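> Attaching a single structure in structure tokens format; questions to follow.
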């Protein structure tokens, strides 16, 4: 698995975990866990692929959906053991945002060749899962709580693009973008 | 009209009727009835076709939109005669969910050949119309009220797939899936 | 630039401005302005192009995204000078609705040849930007406040189609549809 494919998988699984944690906070049953994990995990990437005019990733490779389901079941049996589900949700969400912000920029650039489109795809891909989760679960939107959310996705996408233009290998560009987004977002969770 | 085409038409018209009933509960005027009936009636199927990468059904055959409009006008002139608009909305919604859950699974299987994709399409198709209706009309989401909602769509889709794998004719597979979903969802309306 | 291309550009920029004004009302920072301007400005047209099965306009020509960004920055530095941001938001929204209602009908007719599809595309295109803005910014939905909103988009689309069928040149059909929608919507803002 290439570094960029790893980011894709990590993003889907982590977003699915935040959806399941939201279901846990709402005390839904296992079906609610599965549903929120699936729409949060695959929502952002679905919008990305539709807008880019490429086949939707999980329709081509349903393993992504099964990964969401496995994550939901895992969270269902363990979430009540946690001291603070909300704090874990925020950190998983930060990592998912970083992974998907970079992967969205990578795919946007690969398909269109436009840096502008790549940044917008990174931001939409990184933030949409969380927005869908918050709208469906009727939680206060992450977006309005902290605009740094959008900024972190944009920073991750832009860092990836700059490193890519410098001709660096994929594990540096993907890793650098991921780290930049996570540091900005994580800093505001930790100290904000 | 084949049994499966009937399910498509029934699903669109029933979802449109629930959208119009939501408009009635909000005391909107006839334009509000038309708008909520249309977005509820065609919303789920639109998302399904986009994700499957096939032409959107009502863009190909605009008769579906006219059916939504006719349903909206019919409800506009009769809804005030009802004793309980909300109870009727729940039952029409249950039937629409059952019809569209099965039809979504049928179309997902026909296009991709994957049972996983088929179940997810059934669930999304069956529930999305109601979610859009509740978000646009600012009603409490059907989804959070009763997770059985999602479970019924999944059961209908899975029943259809199992009967289909057993090689049964389409009117048995479609009818069986529809009945399974409706019994589960209807049971919780009646006794829940 | 043809009259119809002008409507496209005007619609995107005006919707972006209403998104930025909503960000100003919520006292978001500049990132919030950029995000709300972008999703409001390009949201309706994105849905239109996906449903019509044509390439998404801003993925093909990223200049539209840059126009949203420029609008957001302009509003960021000037919105606090306004006496009533909400009144300006309503009027810009009315003009954006009129422009996009007509442009959606034009593109829907050009792609499908169906007047029914054209009217629905006009209504969805004209109203969706405002709905997305209100859902993401958690404002009371424009739609439920005044159904005239939907009616104005439908009137603009229908006027365009009637004038087009009469064989009139594009600047008359586009201008006539725009004027009809704006007069109906503006009348309810002014006297409603």
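> Could you give me D for the range A:3-191, from Stokes-Einstein at 10 °C and 1.306 mPa s, where the hydrodynamic radius is the Kirkwood radius over C-alpha pairs? Units µm² s⁻¹, please.
The Stokes-Einstein estimate is 99 µm²/s.
> When the Debye formula is applied to the Cα atoms of the range C:1-72, each taken as the same point scatterer, what base-10 log of I(q)/I(0) results at q = 0.14, 0.24 Å⁻¹?
Log10 I(q)/I(0), no solvent term: -0.41, -1.00.
> Roughly how tilted is helix A:63-78, in degrees to the nearest 10 and between 0 and 90, from the longest Cα axis of chain A?
40 degrees
> Additional query: Note the angle between two axes, namely the Cα long axis of helix A:3-25 and the longest principal axis of the Cα atoms of chain A, as a number of degrees from 0 to 90, rounded to the nearest 10.
30 degrees
> Between residue B:191 and residue B:54, how high is the FRET efficiency from 1/(1 + (r/R0)^6) when r is the Cβ-Cβ distance and R₀ = 30 Å? Nearest 0.05.
Using R0 = 30 Å, I get an efficiency of 0.15.
> Find every distance from the label point of residue A:190 to the corresponding label point in the other copies (7 Å from Cα along Cα→Cβ) and write them in nm, one decimal, shortest first.
Nearest first, the other copies' label points are 5.8, 5.8 nm away.
> Using a ≥ b ≥ c from the Cα gyration tensor of the range B:107-192 (square roots of the eigenvalues), is it rounded, prolate or oblate, where a/c under 1.5 gives rounded and otherwise the larger of a/b and b/c decides, a/b for prolate?
Oblate, because a/c is 1.5 or more while a/b does not exceed b/c.
> If the convex hull of the alpha-carbon atoms of the range B:21-107 is projected onto planes in all directions, what is the mean projected area in square nanometres?
5.7 nm²
> Right, next: Taking the Cβ-Cβ separation of residue C:81 and residue B:179 as r and a Förster radius of 60 Å, what is the calculated FRET efficiency to the nearest 0.05?
The pair residue C:81/residue B:179 has a calculated efficiency of 0.40.
> What residue of chain C has the nearest C-beta to the axis that moves C onto A, and what is that distance in Å, given as a whole number?
C:50, 3
> Here's a follow-up. When you look at the Cβ of every residue in B:50-61, what mean number of other chain Cβ atoms sits within 10 Å?
5
> Once the label point is set 7 Å along the Cα-to-beta-carbon vector, what list of distances in nm do you get between residue A:162 and its counterparts in the other copies?
Copy-to-copy label distances at residue A:162, shortest first: 5.6, 5.6 nm.
> Taking other Cβ within 10 Å of each residue's Cβ, how do B:61, C:85 sort, fewest first?
Going from least to most buried by this count: B:61, C:85.
> Using Cα-Cα distances under 8 Å and only pairs 6 or more residues apart, what relative contact order does the range B:36-182 have, in percent?
It rounds to 26 percent for the range B:36-182.
> OK, next. Only helical DSSP H runs with n ≥ 4 go in: add -39500 (n - 2.57) per run for the protein assembly as shown, normalise by residue count and round the 222 nm mean residue ellipticity to 500 deg cm²/dmol.
So the calculated ellipticity at 222 nm is -28000 deg cm²/dmol.
> Now for a different question. Relative to the longest principal Cα axis of chain B, at what angle does helix B:85-112 sit, 0 to 90 degrees, rounded to 10?
Helix B:85-112 sits at roughly 30 degrees to that axis.
> Evaluate peptide B:33-46: per residue, the Cβ atoms of other protein chains within 10 Å of its Cβ; return the mean as an integer.
3
> Any idea how far the Cα center of the range A:36-68 sits from the one of the range C:20-45, in Å?
Cα centroid of the range A:36-68 versus Cα centroid of the range C:20-45: 26 Å apart.
> Measuring from a point 7 Å out along Cα→Cβ, what nm distances, shortest first, does residue B:87 have to its partners in the other copies?
Between copies, matching label points for residue B:87 lie 5.0, 5.0 nm apart.
> If you don't mind, another one. Take the alpha-carbon positions of the protein assembly as shown, form their convex hull, and give its projected area averaged over all directions (one quarter of the hull surface) in nm².
Mean shadow area of the hull around the Cα atoms is 26.7 nm².
> May I pose another question? Considering every residue in A:114-125, what mean count of other chain Cβ atoms within 10 Å of its Cβ is obtained?
For this peptide, the per-residue mean of nearby foreign Cβ atoms is 4.
Coordinate-derived values only; no laboratory data. As the structure is a computational prediction, the values presented were derived from the model and not from experiment. Please note: Cβ atoms are built from the backbone with ideal geometry, for glycine as well, and neighbour counts cover all protein chains shown.
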